[in-house]
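Chemist: Dumping the structure here so I can ask a few things about it.
The values are calculated or read from the model by the stated rules, or taken from the named source; none is laboratory data. For clarity, every value in this text was computed on a predicted model and none was experimentally measured. Cβ sites come from the backbone with ideal geometry, for glycine too, and all protein chains shown count toward neighbours.
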Amino acid sequence: MWVLIWASLSMAQTIEIVVGGPGSVKVRATEQPVHVASCRGVLWDLFDPINMVFEPASAPVCGGMEPAHRIDEKGRSFQLDAALPALPDVGFHVVRPVVVYGVKCRDNAPFSLAGCAEIKSIRGPQMVVRNRGSAVPISQPEQR
């Protein structure tokens, strides 16, 4: 029984998200390469202190259909590109990345045409962002 639980947990950990620098995260595939859409592959949730929930932040407009980014064990960095409102009274925002990725996708194809065997998402660590500047992790990632 424990072997099955451990195996299912280890199989679920195919993506690692770490804070990479000011307002950025590094996404790394720990087992097999995955693909992330060139536009909207990494989304950002913004914490709403009034309702005490994370809500999707406004994302910038996407360009044309470019090939999906292939992510392997070396990883790839993604910048915080969401439109954040004015800073609240506390002087910072709490955000977290949400990575939407495909497993067993065809290389050099737009994400929607890559024929991925499975599409998954994972929430990254919560970060404190001051003036879209330094991001500091404040929690562990959450698998969905």
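Chemist: Would you check which residues across region 80-106 are in a strand (DSSP E or B) and within 18 Å of ARG123 (Cβ to Cβ) and list them?
Modeler: Residues satisfying the conditions are HIS93, VAL94, VAL95, ARG96, PRO97, VAL98, VAL99, VAL100, TYR101, GLY102, VAL103.
Chemist: Looking only at region 25-55, count how many residues are within 22 Å of ARG130 (Cβ to Cβ), in contact (Cβ under 8 Å) with a residue 24 or more places away in the chain and not hydrophobic (A, V, I, L, M, F, W, C).
Modeler: Qualifying residue count for the region: 3.
Chemist: Return yes when ASP48 is at pLDDT below 85 and more than 18 Å from GLY20 (Cβ to Cβ) and no when it is not.
Modeler: No, not satisfied.
Chemist: Next up: Could you list, in sequence order, all residues of region 60-79 that are part of a loop (DSSP other than H, G, I, E, B) and in contact (Cβ under 8 Å) with a residue 40 or more places away in the chain? I'd like the intermediate steps shown before the answer.
Modeler: Residues of region 60-79 part of a loop (DSSP other than H, G, I, E, B): 60-66, 68, 72-75.
Answer for region 60-79, where residues must be part of a loop (DSSP other than H, G, I, E, B) and in contact (Cβ under 8 Å) with a residue 40 or more places away in the chain: MET65, GLU66, ALA68, ASP72, GLU73, LYS74, GLY75.
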